[in-house]
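First comes the structure, then the notes that go with it.
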Amino acid sequence: MRLEDLRIDGRRLRRSLEEMAAIGATLGGGVERLALSDEDRRARDLLVRWLEELELEVTVDAMGNIFGRRPGRNDDLAAVMSGSHLDSQPRGGRFDGPLGVMGMLEVMRTLRDHEVETDRPLVLVDWTNEEGSRFAPAMVGSGVWAGALDLPWVYDRRDAQGRKLGEELERIGYQGEVSCQKFSVRAYYEYHIEQGPRLERERKVIGAPEGIVCLHWYDVYLKGESNQVGPTPMEGRRDALCAAAEMILEVNALPEKMGGNMVATVGEIQNQPNSRNIIPGEVHFTVDIRSWDDELALRAWEALEKKLRAVAERRGCLVEVEETWRLGHSSFDPALVQRVLESADGLGYPSLKMVSGAGHDASYVSQVCPAAMIFVPSIGGRSHVEVERTTWEDCEAGANVLLRCVLETAIER
Ligand SMILES: [Zn+2]
């Protein structure tokens, strides 16, 4: 069989995705598999079992990142790596993450079935805590691997119950012996759902992002004064929730005011004491700003911060802001992006060059080796929700593009 005629098994890919989606399945048809939870452990156990069945060399590093390595004919060459993550958002979807891990698994299985050898070794990866919803920030597994984040600092991140990331990693049995650090990689391909509406709207099957927008995360803490709602007159109140309400609308108005290509969101809020007959005394909320233009995002934050201080002062509240995470926009390797487009072409799938509005492990990985991503459409552009879906045909198409990209890079001509 000519390598150009090689295809992955779409039905087997579907079965793996369905078996994975059963772990932490929610009533609404999604999954809840927060990083380092018991569900995450069961998903990891299943993955490791599948990797061992393929006789891959399995290693787990100190961040809990899981690697499955298939030797190459010339095993000293830099590897071709692909994968994504198995953790999910609270009541999240089945495809965000697992598609990339199961996609590479299916590529490995296809190569075994057809006894295809590659010159370069191949590595499948499952990155720890991509989502960042239980432990902020996101993408810490790939961040430490790439040398962008410090391991002790990441171990110290706490969830809402105060449990430390490092302790939870140990508890589920995935704190590996191998140190977490980059190794030599010729190309990293991450196969993922688009998580937006563009491919569907333009009737394309494959998206090849040129890179990922910058991600800036902030935490805002407000202090007002709690009091009984009945006897306390309206004038002179220091209502932290009212201040937050005004601030949230300022965040929402920011992109239009800045006049550039950016988005700004408040997605999380805690109100204290959160009682119907007490004036809210303390509020915490998050701000997420993203843009392809890092400077614009920074200017937007500066403008916003002034607004926040003005609102707080007018409402008699104290405001503290914290920069939680700042990751510049990442440009993918132009040659690999081109390879994704050409592979799609060669397979007869209509494709599109675009930009990723969502963060991915490929962002940190692209800091240390050539990287690119393969996107397939999200039905209705929905993701991070239980109804997140991609058609099985599109899942198969993306895995075929991944197979072709991997072979093109891993076999010397
Ligand atoms: Zn993802």
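A few remarks follow.
- What the range 212-369 shows is 51 Å² of accessible area per residue, with the surface traced by a 1.4 Å probe over protein heavy atoms.
- With an a/c value of 1.5 or above and a/b larger than b/c for the gyration tensor axes a ≥ b ≥ c computed over the alpha-carbon atoms, the range 300-373 is described as prolate.
- Calculated FRET value between residue 342 and residue 271, using beta carbons and R₀ = 56 Å, to 0.05: 0.60
- Net charge, residue 329 excluded, C-beta distance under 14 Å - Lys, Arg +1, Asp, Glu -1: -2
- Stretched out straight at 0.36 nm per residue, the stretch from residue 91 to residue 295 would grow longer than its current Cα-Cα span by 70.1 nm.
- Each Cα pair under 8 Å and six or more residues apart adds its separation to the average, and for the range 237-334 the resulting relative contact order is 32 percent.
- Within the shell defined by Cβ-Cβ distances under 9 Å, the residues around residue 67 carry a net charge of -2, with Lys and Arg each +1 and Asp and Glu each -1.
- Here the sum of -39500 (n - 2.57) over DSSP H runs of 4 or more residues, divided by the residues of the chain, equals -10500 deg cm²/dmol at 222 nm, to the nearest 500.
- Cα-based shape type of the range 1-98, given that a ≥ b ≥ c are square roots of the gyration tensor eigenvalues and the cut on a/c is 1.5: oblate
- 10 Å binning of all Cα-Cα separations within the range 77-146, expressed as whole percents from 0 upward: 20, 42, 26, 11, 1
- Stretchable slack from residue 411 to residue 307, in nm (0.36 nm times residue separation minus alpha-carbon distance): 31.9 nm
- A simple spin-label model places pseudo-atoms 7 Å from Cα toward Cβ; at residue 2 and residue 261 they are separated by 3.8 nm.
- Portion, in percent, of the accessible area of the chain that falls on carbon or sulfur, probe 1.4 Å: 45
- Long-range lysine pairs (8 or more apart or interchain), the chain, Cα under 23 Å: 5
- Extension gain, residue 182 back to residue 161 (0.36 nm per residue minus Cα-Cα distance, nm): 4.4 nm
- Gyration tensor (alpha-carbon) shape descriptor, the range 348-413, a/c threshold 1.5: oblate
- Computed over the Cα atoms of the chain, the ratio of the radius of gyration to the Kirkwood radius (Rg/Rh) comes to 1.02.
The values are calculated or read from the model by the stated rules, or taken from the named source; none is laboratory data. Bear in mind that the values here come from a model prediction, so they are computed numbers and not experimental data. Neighbour counts run over all protein chains shown; Cβ positions are idealised from the backbone, glycine included. We work out accessible area using only protein heavy atoms, side chains counted, and drop any ligands, DNA or RNA first. Shrake-Rupley method; radii C 1.70, N 1.55, O 1.52, S 1.80 Å.
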